[in-house]
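Here the structure comes first, spelled out in structure tokens, and everything after it is commentary.
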């Protein structure tokens, strides 16, 4: 992944050196559980070193990166190096080492996933009574509160954090089962001891490789988390439009929104989240393609994973931190929200008017047609719907209605405390 989106800690985890270091840990743990090496040989094995440059140079001969790694590490250990990779196959080291890397990645990503839940919940509580218009199909529907809106995002973020935690946990699986997974040169007991040393669970049937549905599940969880971040970003982008103006991204001192137009404050961070979410979805599809390998093993998945696992985890990390900044620094305009409630000249009270007419004895369809006609007249003539009713525009059908009760915002917010209060379960 390019530096623009990469945190230093993740760059280190996905570096070539870190990859080989994880493999070295697997090789050492395996030697420590073997019956053959003496105490002195184990010390030599533990002290064995490598450089990425030396492995790359050796690979020019072996044309096999794991074999090159084993050669370099074994040579560094001296005569004791004969025990390195004893009874193992490449996938034992590659897949188990990858699980160690993914463990570390999860430890970095999950705290921010949970922090996003907390940040959204805090904003939801703060604005639980901030009245705003609800929109369906992009059209004004009925009033809601900004806190209720944010509470929905908080629960989605919580589900994504839970999915990510489960996905990282089920991917923290290794295998030391040897060629085609039969333990012909080792044993299940040996595998269990090695993996216990490394803090990993065992793949029940490895077929030589750890099953790739595990990695696909992780990439799917990452893509879903990205989609959740995108949904919030799209909402903020819409609310920031000049015609809406209800909420917008923070704008820092010295920031420029446009190189040509000084007045611009563009939602560039939200747009970046939207764009990167597309990459996560594409990578998840590639992970699904990796599931079906030939027989016990092929390496068609390997080249793909070297790209999609570092890239997807790195991008999600960047997107989560970006979203946290947006939530915490979001500029909210309650007055503009109130102004926008009036854009339909009271037509957004149409359901309350409809129900009031039904309660007076009118059939639902007849009531619907009366209210539809009056609401459209309010919009066409830019006249308050309530004023039309007060002037008798509804005829006998609407005579005697309690307009004060019908055109009251209170019903839309009466359960706001209860709805938003549900975030206490997750944050």
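The values are calculated or read from the model by the stated rules, or taken from the named source; none is laboratory data. From a predicted model like this one, the values you see are computed outputs, not experimental measurements. Cβ sites come from the backbone with ideal geometry, for glycine too, and all protein chains shown count toward neighbours.
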task = Hey, can you tell me all the residues within the range 353-371 that are surrounded by 14 or more Cβ atoms within 10 Å (Cβ to Cβ) and not in a helix (DSSP H, G or I)?
result = 362
key: Criterion violated by residue 86 - all others in (1) at negative phi; (2) surrounded by fewer than 23 Cβ atoms within 10 Å (Cβ to Cβ); (3) part of a helix (DSSP H, G or I) satisfied   = (3)
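Test residue 380 against the stated conditions and say whether it is over 27 Å from residue 147 (Cα atoms), at pLDDT 95 or above and not assigned by TED's automatic domain parsing to the domain that holds residue 145.
Numbers: over 27 Å from residue 147 (Cα atoms): yes; at pLDDT 95 or above: yes; not assigned by TED's automatic domain parsing to the domain that holds residue 145: yes.
So residue 380 passes the test.
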ask   = Somewhere in the range 381-395, is a residue crowded, with 19+ Cβ neighbours inside 10 Å, touching a helix residue (DSSP H, G or I) at 6+ places or on another chain (Cβ under 6 Å), in contact (Cβ under 8 Å) with a residue 24 or more places away in the chain and under 20 Å from residue 136 (Cβ atoms)?
value = yes
ask   = Of 86, 64, which residue is under 19 Å from residue 16 (Cβ atoms) and out of contact with any helix residue (DSSP H, G or I) (no Cβ under 7 Å at 6 or more places or on another chain)?
value = 64
request  = Could you grab the pairs with beta carbons closer than 8 Å, sequence gap of 6+ or different chains, first residue in the range 239-252 and without any contact (Cβ under 8 Å) to a residue 60 or more places away in the chain, second one assigned to a strand (DSSP E or B)?
outcome  = 239/247; 239/248; 240/247; 240/248
ask   = Which residues, taken from the range 157-192, are surrounded by fewer than 19 Cβ atoms within 10 Å (Cβ to Cβ) and not in a loop (DSSP other than H, G, I, E, B)?
value = 159, 162, 165, 166, 169, 170, 179, 180, 188, 189, 192
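Going by the structure shown, is residue 302 farther than 21 Å from residue 226 by Cβ, within 26 Å of the chain's Cα centre (by Cα) and part of a helix (DSSP H, G or I)?
Judged against the criteria, residue 302 is a match.
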remark   = residue 386 passes all but one of the listed conditions (1) over 21 Å from residue 131 (Cα atoms); (2) modelled with pLDDT of 95 or more; (3) in a helix (DSSP H, G or I); the exception is number (1)
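Looking at the range 52-69, which of its residues are assigned to a helix (DSSP H, G or I) and either in the same structural domain as residue 186 (by TED's automatic domain parsing) or loosely packed, with under 13 Cβ neighbours inside 10 Å (or both)?
Initial filter on the range 52-69 (assigned to a helix (DSSP H, G or I)): 52-62, 65-69.
Hits for the range 52-69 are 53, 57, 60, 61.
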Of residues in the range 242-254 being part of a loop (DSSP other than H, G, I, E, B) and surrounded by 11 or more Cβ atoms within 10 Å (Cβ to Cβ), the one nearest to the chain's Cα centre (by Cα) = 249
inquiry  = Given the condition in contact with a helix residue (DSSP H, G or I) (Cβ under 9 Å, 6 or more places away or on another chain), surrounded by fewer than 16 Cβ atoms within 10 Å (Cβ to Cβ), assigned by TED's automatic domain parsing to the domain that holds residue 324 and assigned to a loop (DSSP other than H, G, I, E, B), answer yes or no: does some residue in the range 226-241 qualify?
reply    = no
query = Quick check, is residue 423 touching a helix residue (DSSP H, G or I) at 6+ places or on another chain (Cβ under 7 Å), over 30 Å from residue 155 (Cβ atoms), assigned to a helix (DSSP H, G or I) and outside the structural domain of residue 140 (by TED's automatic domain parsing)?
reply = no
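For the range 26-51, what are the residues that are surrounded by fewer than 16 Cβ atoms within 10 Å (Cβ to Cβ) and either in contact with a strand residue (DSSP E or B) (Cβ under 7 Å, 6 or more places away or on another chain) or modelled with pLDDT of 95 or more (or both)?
32, 38, 39, 40, 43, 46, 47, 49, 51
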remark   = Those residues of the range 312-352 that are farther than 28 Å from residue 273 by Cα, touching a residue at least 24 places away in the same chain (Cβ under 8 Å) and either surrounded by fewer than 19 Cβ atoms within 10 Å (Cβ to Cβ) or touching a strand residue (DSSP E or B) at 6+ places or on another chain (Cβ under 9 Å) (or both) come to a total of 10
